[in-house]
Amino acid sequence: MAGAKDGGLKRLSCDNDDKIARDWFASEAQKLGCKYEVDAMGSQWATLEGENNALPPIGIGSHLDSVESGGKFDGPLGVLTGLEVARVIKEGGRKTYAPISVINWTNEEGARFPPGCMASSVWSGVLDIDYAHKCTDTANRSITIKDELARIGYLGTKSVSNKTNPLSAHFEIHIEQGTRLKKAGKDVGVVDSVQGMQWFDVSLRGFTRHTDTTPMDLRQDALVGAAQIVLEVERIGRASQTGMATVSLFKSWPQSFCNISGSVDFSFSMQHSSLPVLKDMTAQIKEFVHKVAKERGLEVAKYDNIVNFDPVNFDAQAVACVENSAKEMGYSYEKLISHTGHDSIFTNMVCPTAMVFTPCRDGISHSPLEYASPDNCGIGAQTLLGAVLKYDDILRRMHSK
C-alpha cells in the first residue's frame, strides 16, 4: 500500500489503496459471521445479529479514507474499534438485544472528492445521492466518485437512506485532534456537542495578459485579489477569538512565468461554537470578497456554500451512556465539544448519536506524526463498548415490555 512522500498515510477515497482497505474490512466482517453489505455510496455495513432483528441496528461508524498526507488513526481507529467491539460481543457469548452494525462510511475526508462526510450526509438526507455521485476528483474533473466506486467494485446496491436503512443510534470513537485531554490529565473525552461549520468554494475570474508588458493600472489579477481574501479569512478567524477560518484548496491559472493569473479557484472554511458569531464571520467574508472583486475588476464566478451545519448538541441519552461507561470503568473524563466535522454530525440529525475522544500525541492530526498510544486507544475502545451495551439495554427496556 503506497504512502505519502513524507511518510504519512495517503489513502484517498476510492483509490487503489482504499480498495485494499475495503477488501480487508470485508474479510474481517465475514470472519465474524456478520451480514455484510455495500450501499450505493460505497459504505460498508457489517451487521451482527441481535435478539430482536426487527429493530434498526446500533451503528458504530467511522472511515478508512485519509487526506493527502495523513496519519494512521484519524478514521481507522473508529472502524477497527467497531470491529473489535463486534468481536468481543461475539466471542464473549453475549447477544445484544438490537443488531450491531459496524460502518465504514465512504469519503469522510473529502480530500479527493469534496465535500467531506459525503456518504453519511447522503444517508441522513442532507445531500442528494445523484449530486454526490457526480462530485468530481479535485485533480481530474472528468472523474466522478460514482465512476471510481464502480471501478474498484464498491458501487453497492443497499439503500442509502435513514428511512429505508435506519439506525437506532450511532457511536463513534476518534482521536481528539487537540490537546485538551492531555492538559486536563484525563483518560477519555465524552463528546457532547459540535461547533458549527461552513465551507465555501469560490472562483475569481480576471484577465490573463503578459506579466512584462501590462501596466499595473491595467491589470485584472485574480491571484492578487485572492491573496487579499486569504489574509482576510485568517484575520476573521483570529478576531473570532475561539473560532477557526482556513483557506485550503487553492488553484490559479495559467501556471506560467509570463502570465498574469486570470483565474483562481479556492475553498475556505469557518467554524465557531456560537451560531451568531459564525453567521457574522461568513457575512464579513462574503462582503469582503465582492468588495475586492469590484475594486480589482474581477468577476466572482462562483461563491458556493458547500457545507453548512449549525452548532449542535449530541443526544443527551447517548452521551450519558458514554459518560456512565467511563465512570463505571474508573476512567477520568472530560466533556468536550468537537471542533471539526465527523460522520456522527450527520447521523445525529436523524438518530441518537454520541462520540468518544482519545488523547493523541501533541494534538497532531492530518500529519505523519499523528499518534495515539495503545493504552489510550484501549481505554477509548472499552468506553465505547460500554456505551453501546448501555444503549442496547435502553432499547431492551423500551421494546421488550
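The values are calculated or read from the model by the stated rules, or taken from the named source; none is laboratory data. Treat the numbers as computed from the prediction; the structure is a model and nothing was measured. Cβ coordinates were reconstructed from backbone atoms using ideal geometry, including for glycine residues, and neighbour counts include every protein chain displayed. Areas reflect the complete protein model, heavy atoms only, side chains present, ligands, DNA and RNA absent. Shrake-Rupley method; radii C 1.70, N 1.55, O 1.52, S 1.80 Å.
Within segment 181-208, the set of residues being buried (at least 16 other Cβ atoms within 10 Å of the Cβ) and not in a strand (DSSP E or B) comprises Leu181, Lys186, Asp187, Gln195, Gly206, Thr208. For the residues Lys286, Lys291, Lys302, the requirement of being more than 30 Å from Ala381 (Cβ to Cβ), in contact with a Ser or Thr (Cβ under 8 Å, 6 or more places away or on another chain) and not in a loop (DSSP other than H, G, I, E, B) singles out Lys302.
Can you tell me how many residues in segment 330-355 are in a loop (DSSP other than H, G, I, E, B) and within 13 Å of Val312 (Cα to Cα)? The total comes to 8. Tell me the residue from Asp6, Asp23, Asp18 that is touching an Asp or Glu at 6+ places or on another chain (Cβ under 7 Å), farther than 17 Å from Val85 by Cβ and either modelled with pLDDT under 95 or not in a loop (DSSP other than H, G, I, E, B) (or both), please. The conditions single out Asp18. So which of Glu84, Glu68 ends up being modelled with pLDDT under 95, closer than 22 Å to Cys360 by Cβ, outside any strand (DSSP E or B) and not aliphatic (A, V, I, L, M)? Of Glu84, Glu68, the one residue that is modelled with pLDDT under 95, closer than 22 Å to Cys360 by Cβ, outside any strand (DSSP E or B) and not aliphatic (A, V, I, L, M) is Glu68. Of the residues making up segment 268-278, just one is out of contact with any His (no Cβ under 9 Å at 6 or more places or on another chain), assigned to a helix (DSSP H, G or I) and buried (at least 16 other Cβ atoms within 10 Å of the Cβ), namely Val277. Counting the residues of segment 324-364 that are under 13 Å from the mean Cα position of the chain (by Cα) and acidic (Asp, Glu) gives 1.
One line per residue, one yes/no per condition, for (1) open to solvent by 20 Å² or more (accessible area, probe 1.4 Å); (2) of a type in the set (A, V, I, L, M, F, W, C); (3) within 19 Å of the chain's Cα centre (by Cα); (4) farther than 13 Å from Asp39 by Cα:
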| site | (1), (2), (3), (4) |
| --- | --- |
| Ser120 | no, no, yes, no |
| Tyr131 | yes, no, yes, yes |
| Ala139 | yes, yes, no, yes |
| Ile145 | no, yes, yes, yes |
| Asn162 | yes, no, yes, no |
| His174 | no, no, yes, yes |
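The residues of segment 248-262 that are over 21 Å from Arg112 (Cβ atoms), open to solvent by 20 Å² or more (accessible area, probe 1.4 Å) and either touching a Lys or Arg at 6+ places or on another chain (Cβ under 9 Å) or among the charged types (D, E, K, R) (or both) amount to a single one, Asn259. If you go through segment 305-323 and keep only what is open to solvent by less than 40 Å² (accessible area, probe 1.4 Å) and either in a helix (DSSP H, G or I) or over 26 Å from Ser240 (Cα atoms) (or both), you end up with Ala318, Val319, Ala320, Cys321, Val322, Glu323.
Taking Met281 and the conditions (1) open to solvent by 20 Å² or more (accessible area, probe 1.4 Å); (2) part of a helix (DSSP H, G or I); (3) in contact with a His (Cβ under 9 Å, 6 or more places away or on another chain); (4) not aromatic (Phe, Trp, Tyr), which numbered condition does it fall short on, given that it satisfies the others? Checking Met281 against (1) open to solvent by 20 Å² or more (accessible area, probe 1.4 Å); (2) part of a helix (DSSP H, G or I); (3) in contact with a His (Cβ under 9 Å, 6 or more places away or on another chain); (4) not aromatic (Phe, Trp, Tyr), the one that fails is (1). Taken over segment 209-247, the criterion of being open to solvent by 50 Å² or more (accessible area, probe 1.4 Å), touching a residue at least 12 places away in the same chain (Cβ under 8 Å), of a type in the set (Ser, Thr, Tyr) and over 13 Å from Ser269 (Cβ atoms) is satisfied by Thr242 alone.
Has segment 323-340 got at least one residue that is among the charged types (D, E, K, R) and on the phi > 0 side of the Ramachandran plot? No, because not a single residue in segment 323-340 is among the charged types (D, E, K, R) and on the phi > 0 side of the Ramachandran plot.
For the residues Gly93, Gly116, the requirement of being of a type outside the set (A, V, I, L, M), at pLDDT below 95, touching an Asp or Glu at 6+ places or on another chain (Cβ under 6 Å) and part of a loop (DSSP other than H, G, I, E, B) singles out Gly116.
One residue stands out among those in segment 289-317 that are of a type in the set (A, V, I, L, M, F, W, C) and more than 20 Å from the chain's Cα centre (by Cα): the one that is nearest to Pro276 (Cα to Cα), which is Val289.
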